[in-house]
Amino acid sequence: CSTSAKKPVLTLFTKKPCPLCDEAKEVLEPYKRRFILQEIDITLPENSAWNDKYKYDIPVFHLNGKFLMKHRVDIKKFEDQLTKLELQK
């Protein structure tokens, strides 16, 4: 059954506090049933590689492990990529 197919995973690289991250999550709210949100706190010791890479760029989003966007949500790009993944099921 295709409805049990796994939803795309949207990874948010974030830290506390992150007003831009909060804003990004609000923008994505209408889409939340279409993906799984995974948040990675880049300030945690086990995430130091991500911290080195993204400390000046958060929020950063990866979709299914691939870089998608940073700083702000590009809703058109997000919708296009999400739809593309949904059609691959």
* Kindly provide the set of residues from the stretch 56-74 that are closer than 18 Å to Glu23 by Cα and open to solvent by 80 Å² or more (accessible area, probe 1.4 Å), ordered by number. => Tyr56, Lys70, Arg72
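A quick yes/no check of all residues on (1) within 14 Å of the chain's Cα centre (by Cα); (2) in contact (Cβ under 8 Å) with a residue 24 or more places away in the chain; (3) assigned to a helix (DSSP H, G or I); (4) surrounded by 11 or more Cβ atoms within 10 Å (Cβ to Cβ):
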site: Cys21; (1), (2), (3), (4): yes, yes, yes, yes
site: Lys25; (1), (2), (3), (4): yes, no, yes, yes
site: Tyr31; (1), (2), (3), (4): yes, yes, yes, yes
site: Thr43; (1), (2), (3), (4): no, yes, no, yes
site: Glu86; (1), (2), (3), (4): no, yes, yes, yes
* Might you check whether a residue that is part of a helix (DSSP H, G or I) and modelled with pLDDT of 95 or more occurs anywhere in the stretch 61-72? => no
* Structure fact -> Those residues of the stretch 3-19 which are under 17 Å from Leu87 (Cβ atoms) and in a loop (DSSP other than H, G, I, E, B) amount to Ala5, Lys6, Lys7, Pro8
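The values are calculated or read from the model by the stated rules, or taken from the named source; none is laboratory data. Just so you know, these numbers come straight off a predicted model, no measurement behind them. FYI the Cβ positions are ideal-geometry reconstructions off the backbone, even for glycines, and counts take in every protein chain you see. Surface areas here come from the heavy atoms of the whole protein model, side chains and all, with no ligands, DNA or RNA. Shrake-Rupley method; radii C 1.70, N 1.55, O 1.52, S 1.80 Å.
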